[in-house]
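The values are calculated or read from the model by the stated rules, or taken from the named source; none is laboratory data. Keep in mind that this is a model prediction, so the values were computed, not measured. FYI the Cβ positions are ideal-geometry reconstructions off the backbone, even for glycines, and counts take in every protein chain you see. Accessible surface is based on the protein model in full, side chains and every heavy atom, while ligands, DNA and RNA are left aside. Shrake-Rupley method; radii C 1.70, N 1.55, O 1.52, S 1.80 Å.
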Amino acid sequence: MQLPMKILVVDDEKLIRRSLQKAAQKKGHLVEVAEDGKIGLKIWKEFQPDLVFLDVLMPEMDGPTLLQMRPLEPAAKVILMSAFTGKYDSDKAQKMGADLFIPKPFEDINEVIQVAENLIK
């Protein structure tokens with residue numbers, strides 16, 4: 001795994017953005033955040049992250065739409081996140097173009113960052 005990783009967090013919940021940002025920065029990663037998909041797409045193109053935490057339901061542009069519009073080069077790993085676990089799972093996330101699905105709320109934020117680091121290895 002390259003250190004530090006460049007991580008983009010796209011989520012309309014401020015607490016989720018802040019928690020992931022602080023936990024990732026604590027481990028030495030560079031982190032950018034966006035509160036909706038439209039802003040997330042702009043930052044994604046400019047920042048060229050190694051990994052993106054992407055919420056499913058957001059204003060302006062949702063996660064699945066952002067996945068369709070994302071830059072393919074350089075490739076970034078995508079972790080799709082949602083509290084709607086009945087509607088979304090790892091299989092559905094992968095069919096939409098994500099690498100992994102993580103349900104919200106998180107049990108352990110540090111474990112979420114560890115999963116992300118392992119995805120990049």
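Return the residue satisfying two criteria in turn: it lies in segment 65-75 and is farther than 10 Å from Val10 by Cβ and outside any loop (DSSP other than H, G, I, E, B), and of such residues it is nearest to the chain's Cα centre (by Cα).
Once the filter is applied, the top-ranked residue is Leu67.
Here is a check on your reading of the model: is Arg70 surrounded by 15 or more Cβ atoms within 10 Å (Cβ to Cβ) and of a type in the set (D, E, K, R)? Walk me through it before giving the result.
Details: surrounded by 15 or more Cβ atoms within 10 Å (Cβ to Cβ): yes; of a type in the set (D, E, K, R): yes.
The answer is yes for Arg70.
Of everything in segment 30-64, what is open to solvent by less than 50 Å² (accessible area, probe 1.4 Å), more than 12 Å from the chain's Cα centre (by Cα) and among the β-branched types (Val, Ile, Thr)? Give them in sequence order.
Ile43
Leu3 - would you say it is within 20 Å of Ile120 (Cα to Cα) and over 12 Å from the mean Cα position of the chain (by Cα)?
In short, yes.
Within segment 48-61, does at least one residue satisfy the condition of being in a helix (DSSP H, G or I), aliphatic (A, V, I, L, M) and touching a residue at least 24 places away in the same chain (Cβ under 8 Å)?
Taking segment 48-61 first, the residues in a helix (DSSP H, G or I) are none.
Checked against the condition, which is being in a helix (DSSP H, G or I), aliphatic (A, V, I, L, M) and touching a residue at least 24 places away in the same chain (Cβ under 8 Å), segment 48-61 yields no hits at all.
Run down Leu80, Leu20 and say which single residue is open to solvent by less than 30 Å² (accessible area, probe 1.4 Å), in a helix (DSSP H, G or I) and hydrophobic (A, V, I, L, M, F, W, C). So that I can check it myself, show each step before the final result.
Values: Leu80 fails: in a helix (DSSP H, G or I).
Exactly one of Leu80, Leu20 is open to solvent by less than 30 Å² (accessible area, probe 1.4 Å), in a helix (DSSP H, G or I) and hydrophobic (A, V, I, L, M, F, W, C), namely Leu20.
Mind checking whether some residue in segment 28-37 is without any contact (Cβ under 8 Å) to a residue 24 or more places away in the chain and in contact with a strand residue (DSSP E or B) (Cβ under 9 Å, 6 or more places away or on another chain)?
No: segment 28-37 contains no residue that is without any contact (Cβ under 8 Å) to a residue 24 or more places away in the chain and in contact with a strand residue (DSSP E or B) (Cβ under 9 Å, 6 or more places away or on another chain).
Residue by residue through segment 90-121, note down the ones that are among the charged types (D, E, K, R) and either more than 15 Å from Leu57 (Cα to Cα) or in contact with a helix residue (DSSP H, G or I) (Cβ under 6 Å, 6 or more places away or on another chain) (or both). Explain how you work it out, then say what you get.
Initial filter on segment 90-121 (among the charged types (D, E, K, R)): 91-92, 95, 99, 104, 107-108, 111, 117, 121.
Selection gives Asp91, Lys95, Asp99, Glu107, Asp108, Glu111, Glu117, Lys121.
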